[in-house]
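Below is one structure, written out as structure tokens; comments come after it.
The values are calculated or read from the model by the stated rules, or taken from the named source; none is laboratory data. Quick caveat, the model's predicted, so the values are computed rather than measured. Glycine gets a Cβ as well: all are built from the backbone with ideal geometry, and neighbour counts include every protein chain shown. Surface areas here come from the heavy atoms of the whole protein model, side chains and all, with no ligands, DNA or RNA. Shrake-Rupley method; radii C 1.70, N 1.55, O 1.52, S 1.80 Å.
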Amino acid sequence: MVTEGTHGPVIHDVNRAARLAGIAPGARVTDMRSLCPNLQIEYADIAGDRVTLQKLMLWARRWCPWTTTDGENGLVMDTTGSDHLWGGETEMLRDIEAKLALLGLDAQLALAHTWGAAWALARFGGVRQISRPETLGHDLASLPVESLRLNSETCLLLSRLGLKTVGALSAVPRTSLARRFARAKPDGNPLHRLDQINGHLPEPVSSPSDLPRFEVQANLPEPIQDPSPYLPDLCQAMCTRLADQGYGCRSLILTVFRTDGEISQLSVRTSTPNRDADHLQKLFGDRLERINPGFGFDLISLEAGDVTLIDTVQTTLDGTAEEALALPRLIDRLTARLGPRAVTRPQIFESHVPERAQGQLAALADIPPQSAKIRNTRPITLLPTPEEVKVLYAVPEGPPVQFTWRKQTLRITRYAGPERIAPEWWHDRPNARLRDYFRIEVQDGRRIWLYREGLHGDGRGGDPRWFIHGFFA
């Protein structure tokens, strides 16, 4: 497997045959082809591998309740109290290896009483090695110092000092190691890693929790063509389950299983986490006609998506509905009826160029964190494209006396400015010109945002041009 490097493709990982042929990860593909002309390569899908590893971590909880990922290609499982369910530690390791082999995965397994020891033995120890606390020192003594999860610089330094194995490093007095590595980070501190691997420093498995899966089904005695009569009960059962565990959902997927073996699905989304059965049922509305029933279906499934916890807060004492929920529900109904692209909301972006500082997002899209703010001096209305005007100057550095826009001649009575806005070099072309914005008021009372593009003699074009960009209230 290869990835793109600075000077061409480099080896990302190898199988056993390539490893025996001398192919090393990190080397350039062109160099390795000189060693193995028949080298076969495929580009690695690193992002896909991470997603697969996360799924595999959850799948591995069939053997124990606490699992987590370890680096790019490892899993750590806290099997305390679980091995007897599989006939002992040896049989459990055999079962894990067999199940992974059925998935097409090669695994290097080891079992020890600490995370660090299991990591070292799985990568540098024997096949399915099991280490007891009383024999741990002997099992680790012959392993290289790389088995301590140290960075390459520290391993190279220890090798130059003649400390190439864990046993040799363990024989060095602690005070000597402390003087040399006391201020190093954990991956560069051999003393810290030795304490972890021997259990003197705790390293518990922080197992990420898997969000519960919410699904309700309706088994029908005979095939039908319309799921509408069953939808209210399904929504009510779903929302009851969500409320019992304190969750809400932002999407619902309705699936009908047809008698011909095919399935048909329909999904709806909400702007905020929700568990109101009546509201969720209304979102389907006339959209149920989009389901293709075929020759009928005998099983209906309703599944909740984008599940998240909801904090229940009492807002009123008289039992009336909370007014804050009215707007999200209106957005949900409009989006369900008009489509996700027809309902949008304004969004602020990190940019000082006015047309890039704000835009529109789909109303049901996730709201990104916002740190930017719109200045109070900005107009409430921006033109989609600035419109050029013809001006009559008063002074070179000030606003014009009057200008012509859309066949109207407008005279400026008052103004404020200028406010200079420079181009964004990381977005704009090299010859982009700066802008000087003026807030002006014309004779009929309208307040306009006018800007001059460019300066005399700036070397980026001819004479400055004037544009109207927006209107104030």
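List the GluC sites (Glu not before Pro) within segment 387-438 that DSSP assigns to loop and that have no more than 15 neighbouring Cβ atoms inside 10 Å.
397, 424
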Distant-in-sequence amide H partners of residue 128 (H built 1.01 Å from N, under 5 Å): 109
Along each principal axis, Cα extent of segment 50-153, largest first, Å: 34, 32, 22
What is the list of residues in segment 410-454 whose amide nitrogen lies under 15 Å from a point 7 angstrom out from the Cα of residue 463, following Cα to Cβ? 452-454
List every residue whose amide H lies under 5 Å from the amide H of residue 201, counting only residues 5 or more places away in sequence or on a different chain, with H placed 1.01 Å from N in the peptide plane. 196
Residue 59 paired with residue 44, simple spin-label distance in nm, labels 7 Å along Cα-to-beta-carbon: 2.0
In whole Hz, what ³J(HN,Hα) sequence does segment 277-285 give by Karplus (6.51, -1.76, 1.60; θ = phi - 60°), x for Gly and Pro? 4, 5, 5, 5, 5, 5, 5, 6, x
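Loop by DSSP (not H, G, I, E, B), at most 14 other beta-carbon atoms within 10 Å: where is the longest site-free stretch of the chain for trypsin sites (Lys or Arg not before Pro)? Write out the running numbers ahead of the final one.
Values: sites that count: 183, 213, 341, 373, 375, 406, 407, 446.
The segment 1-182 is the longest one with no such site.
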Per DSSP loop assignment and a cutoff of at most 14 other beta carbons within 10 Å, the chain keeps its longest run without exposed chymotrypsin sites (Phe, Trp or Tyr not before Pro) at 1-294
Quick one: which residues, 5+ away or cross-chain, put their amide H under 5 Å from the amide H of residue 393? H built at 1.01 Å from N. 401
The base-10 log of I(q)/I(0) that the Debye equation returns for segment 174-294 at q = 0.12, 0.13, 0.21 Å⁻¹, one scatterer per C-alpha, is -0.58, -0.62, -1.20
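Suppose R0 equals 25 Å. What FRET efficiency, 1/(1 + (r/R0)^6) with r the Cβ-Cβ distance, do residue 51 and residue 301 give to the nearest 0.05? List each step's numbers first, then the result.
Details: r = 24 Å, r/R0 = 0.97.
Efficiency for this residue pair is about 0.55.
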Going toward the positive end of the dipole of the chain, with +1 on Lys and Arg Cβ and -1 on Asp and Glu Cβ, which of 268, 251, 412 do you reach last? 412
In the chain, if the dipole is taken from +1 on Lys/Arg beta carbons and -1 on Asp/Glu beta carbons about the Cα centre, which of 32, 401, 232 is farthest to the positive end? 401
Excluding same-chain residues fewer than 8 positions from residue 55, which lysines have a Cα within less than 27 Å of its Cα? 99
Karplus-derived HN-Hα couplings along segment 53-63 (A = 6.51, B = -1.76, C = 1.60, θ = phi - 60°), whole Hz, x at Gly and Pro: 5, 5, 5, 5, 4, 6, 5, 6, 6, 5, 9
Karplus-derived HN-Hα couplings along segment 411-422 (A = 6.51, B = -1.76, C = 1.60, θ = phi - 60°), whole Hz, x at Gly and Pro: 9, 7, 9, 9, 8, 9, x, x, 10, 8, 10, 7
Gain in length, residue 263 to residue 404, computed as 0.36 nm per residue apart minus the alpha-carbon separation, to one decimal in nm? 44.5 nm
So if we plug the beta-carbon distance of residue 89 and residue 123 into 1/(1 + (r/R0)^6) with R0 = 22 Å, what FRET efficiency do we get, rounded to 0.05? 0.70
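For residue 381, what charge total do you get from the other residues with a beta carbon under 14 Å from its beta carbon, if Lys and Arg give +1 and Asp and Glu give -1?
The answer is +2.
By accessible area of protein heavy atoms, probe 1.4 Å, what ranking do 239, 36 get, highest first? Walk me through the intermediate numbers first.
On the way: 239 5, 36 35 Å².
From most accessible down to least: 36, 239.
Is it possible to state the helix-based mean residue ellipticity at 222 nm for the chain, with each DSSP H run of 4+ residues giving -39500 (n - 2.57), the sum divided by total residues, to the nearest 500 deg cm²/dmol? What is it? Display every interim value, and only then the final one.
Details: 14 runs with 125 residues, N = 473.
Computed ellipticity for the chain at 222 nm equals -7500 deg cm²/dmol.
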Once a ≥ b ≥ c are taken as the square roots of the eigenvalues of the Cα gyration tensor of the chain, is the result rounded (a/c under 1.5), prolate (a/b larger than b/c) or oblate (a/b not larger than b/c)? oblate
Any chance you could list P(r) for segment 389-473, counting all Cα-Cα pairs in 5 angstrom bins from zero, rounded to whole %? 3, 14, 25, 25, 16, 10, 5, 1, 0
Taking the dipole about the Cα centre of the chain, with the C-beta of Lys and Arg at +1 and of Asp and Glu at -1, give me whichever of 302, 445, 354 is farthest to the positive side. 445
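If each residue of separation counts as 0.36 nm, what is the full-extension length gain between residue 152 and residue 164 once their alpha-carbon separation is subtracted? Working shown, then result.
Working: separation 12, 0.36 × 12 = 4.32 nm, distance 1.27 nm.
Between residue 152 and residue 164, full extension yields an extra 3.0 nm.
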Helix 326-338: inclination vs the chain longest Cα principal axis, degrees, rounded to 10, gives 90
In a shell of Cβ-Cβ distance under 12 Å around residue 196, excluding residue 196 itself, what net charge do Lys and Arg (+1) and Asp and Glu (-1) give? -1
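Evaluate E = 1/(1 + (r/R0)^6) for residue 416 and residue 282, where r is the Cβ-Cβ distance and R0 equals 56 Å; express this FRET efficiency to the nearest 0.05.
On the way: r = 50 Å, r/R0 = 0.89.
Here the calculated transfer efficiency is 0.65.
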For the pair residue 385 and residue 292, the simple spin-label estimate (label points 7 Å beyond Cα toward Cβ) gives in nm 4.1
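If the only charges are +1 at each Lys and Arg Cβ and -1 at each Asp and Glu Cβ, what is the size of the charge dipole of the chain around the Cα centre, to the nearest 20 debye?
Working: 55 positive and 57 negative charges, 442 e Å.
I would put it at about 2120 debye.
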